[in-house]
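In what follows, a single structure is set out as structure tokens and then discussed.
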Amino acid sequence: MLLDQLDTGATQNHAQREDDDDRVVELPGDRDEVRDDVERKREVPQEADDHRAVPARHARVGEQPPAQDDAVGDEAGDRPRVPAPPREHERADEERVHDDDREAEQERPAGDVAHRQIVVQRPGVAHDRTATGGTAAAPSPDPRCVGCAMARYGKRADLIIHEEEPFNAETGPAALAEGSVTPTDAFYVRGHGPVPDVDPAAWRLHVHGLVERELDLSLTTLREAFRERTETATLQCAGNRRAGLIAIRDIPGEAPWGPGATGTATWSGVALADVLAVAGPRAGAAHIGFEGADRSAEVTPPERFGGSIRLDKACRPEVLLAWAMNDRPLAPVHGAPLRVVVPGYIGARSVKWLERVEVRSTPWPGHFQHVAYRLLPEDGTPGPGLGMPLGVVALNADVLSPADGETVRAGPVEVRGYAFAGGERHVARVDVSVDGGATWSQAELLEDLGEWAWRHWRTTVELGSGEHAIVVRAWDSSAATQPEDEAALWNPKGYVNNARPRIRVRAT
């Protein structure tokens, strides 16, 4: 049986982009043969200091080497290609999610797209920082939800809303403390433009650039031609805990994210490495670029959100092209029908609403990698190529309970929080002090979800009557710990606040 969906081929639009359609290859052979071929590409020698298999940089499908051009010819190039329809249960899930999204959009307050709204710290209420100085209430709870309160996109009403359009919201501490896996309806959202309306049936993933063969892949093809993988991974916004830096000195135009711009989910999809193995990166390939369907007006002229990671990271088996989150199809607000998940890296590299993968010799040239998401010195000004590009997440932690400023009963008090190491490091230890850092005791690390996920922790401390400063420090597997002082970390974009979290409580 021909694998007539592994490149459902040059669509009419693609044909218009090229003089002919032989730049997009259709791979003959049984699906099982293609799976076997992909598996063989995984089985390459491993470097002595790395336990993960890395697919060959010049993997090929078939025995004849292709011409040294961007792609190879398609012997069946003139044959019409008809993509297989989605399975019934997939169609039902996708239609249900899109129906929910459309209904949520209809409930949006009339004026909420008129200007940029940057917000704050009260769950469920958006505060406008524009010249008008007005305040816009969060949308009403979804009337279909019995016994619960819901906001836009099926999200809980107790999310802390930082912007209504683009929608930006962080998870409250109570929801983060519910368990090691963050519920989807409480998972934070970071957007740079309106949620795009993508038709899953018409959607294609275009893989091109420094490759031996270009690919146009439908969601059905990805599901059927490649082995499904699942990873539990933490995503964290580069601006997580920015509010602590804003308290030191204002950072105009940036949302005051607290410690809830992070979350852990179970992601399902295919390994990006498997798709790259079929495309066959050519000599000179060093970076893998991603572009989504969302268009951001933060840039003049507006541009689609994009970014890149190095080829060696892209070839790791944990980097996914994901279509499911917490065992359910991706919701539109989280990137449906397909998104990238890059474990250990800042959330900006996990591009949502993915439409294009480009194999490149240089990093992504767009605004969101070349200008934004770069760490500047204290006196720096954002500009093309200035500062350090952000990639691997820095070791971070925070306290989820009790809350800063809370009054608690004197005696034994349980303190809970999270810690995340980022990169390929893991959390090795968490220490807690109840006297401002003079003495420390070790907390208990809770459920271990694997090398790409955070660790929740807890400890019980004895508090006498009066004021107490609770300080936390995490240690990672490289024996690194968190900086002591937020003031030393201040930067013009408010990134990478990984100072030791500090809260004050009163015991009575």
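The values are calculated or read from the model by the stated rules, or taken from the named source; none is laboratory data. Predicted, not measured: the structure shown is a model, and the values here were computed from it. All Cβ positions, glycine included, derive from the backbone under ideal geometry; neighbour counts span all protein chains shown. Remember, those area values only see protein heavy atoms, side chains included, never the ligands or the DNA or RNA. Shrake-Rupley method; radii C 1.70, N 1.55, O 1.52, S 1.80 Å.
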Original post:
Which percent of Cα pairs goes in each bin when the distances of segment 300-355 are cut into 10 angstrom slices starting at zero?
Top reply: 23, 51, 23, 3
Subject >> Rounded to whole Hz, the Karplus (6.51, -1.76, 1.60) HN-Hα couplings of segment 199-204, x for glycine and proline >> reply: 7, x, 5, 8, 5, 9
Original post:
Ignoring ligands, DNA and RNA, what percent of the accessible area of segment 176-235 is carbon or sulfur (1.4 Å)?
Top reply: 48
**OP:** Compute the Cα gyration tensor for segment 260-310, then decide on rounded, prolate or oblate, letting a ≥ b ≥ c be the square roots of its eigenvalues: rounded whenever a/c is under 1.5, prolate when a/b is larger than b/c in the other cases, and oblate in all that remain.
**Re:** oblate
**OP:** Find how many whole Å separate the alpha carbon centroid of segment 456-508 from the alpha carbon centroid of segment 261-279.
**Re:** 32
Subject >> Amide H contacts of D398 (H built 1.01 Å from N, under 5 Å, at least 5 apart or other chain) >> reply: Y418
Original post:
Can you list the residues, at least 5 places off or on another chain, whose amide H is less than 5 Å from the amide H of A428, using H built in the peptide plane?
Top reply: W475, D476, S477
**OP:** Given the peptides 190-202, 416-428, 332-344, arrange them by the average over their residues of other C-beta atoms within 10 Å, most packed first.
**Re:** 332-344, 416-428, 190-202
**OP:** Provide the net charge surrounding S433, with neighbours chosen by a C-beta distance below 11 Å and charges set as Lys +1, Arg +1, Asp -1, Glu -1.
**Re:** +1
Original post:
In whole Å, how far is the Cα centre of segment 421-439 from that of segment 218-247?
Top reply: 24
**OP:** Could you look at segment 279-425 and say what percent of its accessible area is carbon and sulfur, using a 1.4 Å probe and all protein chains?
**Re:** 52
Original post:
Counting Lys and Arg as +1 and Asp and Glu as -1, what is the net charge of the other residues whose Cβ lies under 13 Å from the Cβ of L245?
Top reply: -1
Original post:
HN-Hα J couplings of segment 335-345 from phi, Karplus 6.51/-1.76/1.60, θ = phi - 60°, integer Hz, Gly and Pro as x?
Top reply: x, 4, x, 8, 9, 8, 10, 10, x, x, 10
